[in-house]
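Let me begin by presenting the structure, written as structure tokens, before commenting on it.
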Amino acid sequence: MSRAVIVTGASRGIGRAIALRFGTEGCDLALIQRGDAAETVRALGRPAIVEQCDLANAEEAEQATARAIERLGRVDVCVCNAGGAVRASALEVSLSDFRRIVELNLVSTFAVARAAARAMDGGGAIVMTASVISFQGGWRVGSYAASKAGVANLVRALANEWASLGIRVNAVAPGYIENEFTAALRADPVRTAELSARIPAGRWGRDEDIADAVHWLASPEAAYVHGHTLAVDGGWLGR
């Protein structure tokens, strides 16, 4: 029987690549995001359940996840990938922007994971998207840094609680990835050169690099991996 998989933030970037990766093995997919994910569904070449909601609202995220599970009939894997960032100095960022990023990256991630865990009778796998900034302070991204550090510790906390239920909770921590999310950063040739020089692998990552890692963490091959945040960063954190 094919696995039933939920992916949030699946309309583009890493989320889209994750959905396509699970799609290659014929999983039954439910995609949750603000948009309609039409391009992702077309690329899948097969039907997928789509739930639209504002993932910056944890209550909406939880309700959308419950609807997706009801339509799927069950859930075996939940990938809490949706996230965002606001780049502004700590002295200037508005409290509303700070709060929105924490709600999107951390609170909604918890809400989606919990909704999935409640339906995982007999066990399952939950994979969250953290960041290398989970372990670093970053620059002018205070809300992002705080929320992604929270994700890394949330993974450990939930793994402690849910391992006895047969539910594995882990995360990937992407490094610098070539996609729409980093377009503005890559438009700065000086900053791009500085960042590129620090990556031992000699290149920025691709969405597919992260998707492959997520797929592995959700697979039987990672059955004894609990509460771990896997850096997929070309060696960035080791430099």
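The values are calculated or read from the model by the stated rules, or taken from the named source; none is laboratory data. This is a predicted model, so every value here is computed, not measured. Ideal geometry is used to build each Cβ from the backbone, glycine not excepted, and the neighbour counts take in all protein chains shown.
Here is a yes/no grid of residues against (1) closer than 28 Å to Leu95 by Cα; (2) surrounded by fewer than 21 Cβ atoms within 10 Å (Cβ to Cβ); (3) hydroxyl-bearing (Ser, Thr, Tyr):
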{"residue": "Ala111", "(1), (2), (3)": "yes, no, no"}
{"residue": "Phe135", "(1), (2), (3)": "yes, yes, no"}
{"residue": "Arg140", "(1), (2), (3)": "yes, yes, no"}
{"residue": "Ala159", "(1), (2), (3)": "no, yes, no"}
{"residue": "Leu165", "(1), (2), (3)": "no, yes, no"}
{"residue": "Val169", "(1), (2), (3)": "no, no, no"}
{"residue": "Thr182", "(1), (2), (3)": "yes, yes, yes"}
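Quick one: which helices (runs of 4 or more DSSP H) sit completely within region 150-239 and have at least 3 residues that are modelled with pLDDT of 95 or more and not charged (D, E, K, R)? So that I can check it myself, show each step before the final result.
Numbers: elements: 183-186, 189-198, 207-217.
Counting at least 3 such residues, we get 207-217.
Consider Gly123 carefully, then state whether it is closer than 19 Å to Thr65 by Cα, out of contact with any Ser or Thr (no Cβ under 8 Å at 6 or more places or on another chain), surrounded by fewer than 21 Cβ atoms within 10 Å (Cβ to Cβ) and of a type outside the set (A, V, I, L, M).
Taking the combined requirement at face value, the residue satisfies it.
Just the residues that are within 16 Å of the chain's Cα centre (by Cα) and in a helix (DSSP H, G or I), please, taken from region 130-149.
Of everything in region 130-149, those that are within 16 Å of the chain's Cα centre (by Cα) and in a helix (DSSP H, G or I) turn out to be Val132, Ile133, Ser134, Tyr144, Ala145, Ala146, Ser147, Lys148, Ala149.
Quick check on Gly45: is it touching a Phe, Trp or Tyr at 6+ places or on another chain (Cβ under 7 Å) and small (Gly, Ala, Ser)? Walk me through it before giving the result.
Values: touching a Phe, Trp or Tyr at 6+ places or on another chain (Cβ under 7 Å): no; small (Gly, Ala, Ser): yes.
No.
Within region 110-129, work out how many residues are closer than 16 Å to Leu55 by Cβ and outside any strand (DSSP E or B).
7
Counting residues that are in contact with a strand residue (DSSP E or B) (Cβ under 9 Å, 6 or more places away or on another chain), buried (at least 18 other Cβ atoms within 10 Å of the Cβ) and not β-branched (Val, Ile, Thr), which strands (runs of 3 or more DSSP E) fully inside region 1-60 reach at least 3? Steps first, please.
Working: elements: 4-8, 28-33, 49-52.
Those strands (runs of 3 or more DSSP E) span 28-33.
Which of the numbered conditions does Ile32 fail, given that it passes all the others? Conditions: (1) more than 14 Å from the chain's Cα centre (by Cα); (2) at pLDDT 95 or above.
(1)
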